[in-house]
Structure formats: C-alpha cells, structure tokens
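See below for the structure under consideration.
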Amino acid sequence: MKRDGMLYTVLFTFIICIVFVFFLALANELTKDRVASNNRLTERSAILSALGIAYTSPDQVDSLYDAQVSTLNTDQGPVYKATVEGQARYAAKVAGPGLWGTIRAILAVDERVERIEGFQIVSHNETPGLGGRIDEPWFKAQFRGEKIGPQGIAVLQGSGKGDPDPENSQLDAVTGASRTSQAVQDMVNKEISLFKSLRDKGGLK
C-alpha cells in the first residue's frame, strides 16, 4: 500500500481516531463515578452554604445534608428545606444564560420569602477577573439577609465591593461585567417569583 495514496491516508486516519476514541471512552468509564460524586458534593455544599448550615470540611457535607436537609417535590421542581436557628429556610437550583454559558447556582430564602438567606454559585463559564467574580465571597455575601422587594432585587453598578444595606433590595454588580450581573439579577428574581407562587399555594411547608 502506497503511503502517499488516498487509501493509506483514510485507513491511517481511521485507526488513529479509533485509538483516541477508545482511550477517551475508557477514561470516561473509569472516572464517571468519581465525577458524579464530585458533582453531588459540589451541589450539596452549595445548598448547605446557601441555607446557612456551616461545615468545616468536605467530609461533613453528606452527613450534615442527610441530617438537616429534606427535599420537597413541588410542581416547580425540587425545593430543599432546612430549619436553621428555629426558622424554616428553603433553597432551590437556579440557572440562567450568562455571557459565555449557563450560570448555575443555589438560592435560599426565608419561610415568608421576605429575605434572601444565601446565594451560592455551582458552575459558570464567565470571564475570569470580570464576570467570573460572581463566585467571589464579597459578591455572594451581600445576598445574605437582603430584603426582597416587590420586584425582587436589583443588581446595580455601585462601589464594586458589595452593597452594605440589607434593606434596600439592591446589590453591587461586578464592575465591567454588566451582562453577567444582569443575568444573575434575572435568574434570582425569576426564582423569587416561583418561591412566592409556592408560598401562596401552600407549597412551602
């Protein structure tokens, strides 16, 4: 078979593709359980943090989650409930389109859906140093205890260090990342509306 012939080129390319696909499939099969476990840990950690349940190491996540968090199956999807400091809190998965991909997070509210209890990012593809800063502690911390206004919350350009007033229903946007900040505002307000709907229908118990 001539090495410069068409048949040789096609056959060689086919064999190389088969070899690479085999090893990729093998790696996927060998690591899928670990990937699933890591994804579950990431999600459970975000739920605990949003609900205000503290833990000191990843080893505590599963035991704390199983002991303190229950799942309500609602017509809006799963809602996670926990009692913290004698008060019920509720959390749900939220998602929305960011600049470069889907932003996934956990939002927690109080029993009356009057205040946000916590907000934690699960995954995103935003630009590091710009939109990616939504995962920084200062950005997420300003959600905790924030009053929910009639229209939800507003993420506005401010100091870029976090809005200190929990009563104004406003949060500081990430400087230079207006689209990402708007995406967070939209996804949070959409979920707040769903929480209010569940509350009004008696679905938060």
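The values are calculated or read from the model by the stated rules, or taken from the named source; none is laboratory data. Predicted model, so just to flag it, every value in this text is computed and none were measured. Cβ: placed from backbone, ideal geometry, glycine included. Neighbour counts: every protein chain shown. Heads up: the accessible areas ignore ligands, DNA and RNA and are worked out on the full protein's heavy atoms, side chains in. Shrake-Rupley method; radii C 1.70, N 1.55, O 1.52, S 1.80 Å.
Name the GluC sites (Glu not before Pro) in region 88-143 that are in a loop by DSSP and that have at most 14 other C-beta atoms within 10 Å, would you? Loop-located and lightly packed - Glu114. Basic side chains Lys and Arg get +1 at the Cβ, acidic Asp and Glu get -1 at the Cβ, and with that the dipole of the chain about its Cα centre reaches some 480 debye. Karplus-based coupling profile of region 114-122, in residue order and whole Hz: 9, 9, 7, 8, x, 9, 10, 7, 9, with θ = phi - 60° in 6.51 cos²θ - 1.76 cosθ + 1.60 and x standing for Gly or Pro. Seen from Arg104, the other residues with C-beta closer than 13 Å to its C-beta sum to a net charge of -3, counting Lys and Arg as +1 and Asp and Glu as -1.
Working note: Karplus 6.51/-1.76/1.60 with θ = phi - 60° gives region 173-184 the couplings 6, 7, 4, x, 9, 5, 5, 5, 4, 5, 4, 5 Hz, where Gly and Pro are set to x.
Think of it as helices only: each DSSP H run of n ≥ 4 in the chain is worth -39500 (n - 2.57), and spread over all residues that comes to -14000 deg cm²/dmol at 222 nm. Within the accessible area of the chain, what % is carbon and sulfur when the probe is 1.4 Å and the other protein chains stay in place? It is 55 percent, rounded to a whole number. Using the average count of surrounding beta-carbon atoms within 10 Å as a protection proxy, the listed peptides 60-70, 168-178 rank, highest first, as 168-178, 60-70. Once you have a ≥ b ≥ c as the square roots of the Cα gyration tensor eigenvalues for region 126-205, tell me rounded if a/c is under 1.5, and otherwise prolate or oblate according to whether a/b is larger than b/c. Prolate.
With all protein chains kept in place, the per residue accessible area of the chain amounts to 58 square angstrom at a probe of 1.4 angstrom. Residues whose amide H falls under 5 Å from that of Gly98, counting only those 5 or more places apart or on a different chain, are Ile103, with hydrogens built in the peptide plane. Backbone phi angles across region 196-205, fed through the Karplus curve with coefficients 6.51, -1.76 and 1.60 (θ = phi - 60°), yield HN-Hα couplings of 5, 4, 5, 4, 5, 8, x, x, 9, 9 Hz in residue order; Gly and Pro are listed as x.
Close amide H pairs (under 5 Å, H built 1.01 Å from N) link Glu117 with Ala108, Val109, Asp110, Gly145, residues at least 5 positions away or on another chain. Amide H to amide H, with H built 1.01 Å from N, Gln142 comes under 5 Å of no residue 5 or more places away or on another chain.
For semi-axes √(5λ) of the Cα gyration tensor in Å, the listed values are (i) 30, 20, 16; (ii) 41, 23, 15; (iii) 22, 21, 15; which was obtained by calculation from the structure presented? Here semi-axes √(5λ) of the Cα gyration tensor in Å agrees with entry (ii).
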